[in-house]
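Engineer: Got a structure here, written out as structure tokens. Questions coming.
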Amino acid sequence: TRFSPHMPTFSFPLGAKSEWGENFTWNNRTLPAAQNLRTEGKVFGWEDITVAAGTFRTLRVDLLTPGYASYQPIAIFADKTQFGGIAESYWYAPQIKSFVKHVRRGYVNEKLVLQEVLELESCNIATAPANASRGTPK
């Protein structure tokens with residue numbers, strides 16, 4: 001899979017109620033042609049979240065990429081003209097410059113067909129990289 005220029009996730013600086021959108025191209029050898037897509041992102045505010053690595057003060061970031069994989073009726077960026085989509089939620093902890101939880105759901109015609117959950121299992125805050133933009137969930 002190749003993304004050009006990249007598949008957008010975060011738009012820094014993140015702040016409560018931030019919103020953004022970004023276009024990109026997704027190309028996969030199994031597809032006959034590249035797809036031009038757009039991801040919409042929104043920060044919903046601060047949430048405390050507990051994962052195996054501990055409890056963190058996080059910003060919840062939701063992303064929607066319509067047409068990529070329809071979306072729940074309660075979707076924040078619902079576009080009923082799309083045949084499918086990927087909905088993602090990240091809980092980003094500025095303290096460690098990483099997300100501590102990521103939930104990815106794929107929908108086709110409003111039916112959930114894929115769900116992946118990643119959670120941070122361990123973290124040594126004293127040794128977390130000062131310039132890291134993403135952590136390494138296990």
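Engineer: Kindly indicate which of LEU59, LEU63 is part of a strand (DSSP E or B), open to solvent by less than 40 Å² (accessible area, probe 1.4 Å) and more than 23 Å from GLY84 (Cβ to Cβ). Walk me through it before giving the result.
Structural biologist: Working: LEU63 fails: more than 23 Å from GLY84 (Cβ to Cβ).
One residue alone meets the criteria, LEU59.
Engineer: On to the next question. Read through the list (1) modelled with pLDDT under 95; (2) part of a strand (DSSP E or B), then give the number of the only condition that THR30 fails.
Structural biologist: Here THR30 meets the rest and fails (2).
Engineer: Could I ask something else about it? Please specify each residue of the stretch 30-44 satisfying the condition of being open to solvent by 10 Å² or more (accessible area, probe 1.4 Å) and of a type in the set (Gly, Ala, Ser).
Structural biologist: We begin by selecting, within the stretch 30-44, every residue open to solvent by 10 Å² or more (accessible area, probe 1.4 Å); these are 30-38, 40, 42, 44.
Across the stretch 30-44, the qualifying residues are ALA33, ALA34.
The values are calculated or read from the model by the stated rules, or taken from the named source; none is laboratory data. Just so you know, these numbers come straight off a predicted model, no measurement behind them. Ideal geometry is used to build each Cβ from the backbone, glycine not excepted, and the neighbour counts take in all protein chains shown. Quick note on the areas: whole protein, heavy atoms, side chains included, nothing else; ligands and nucleic acids left out. Shrake-Rupley method; radii C 1.70, N 1.55, O 1.52, S 1.80 Å.
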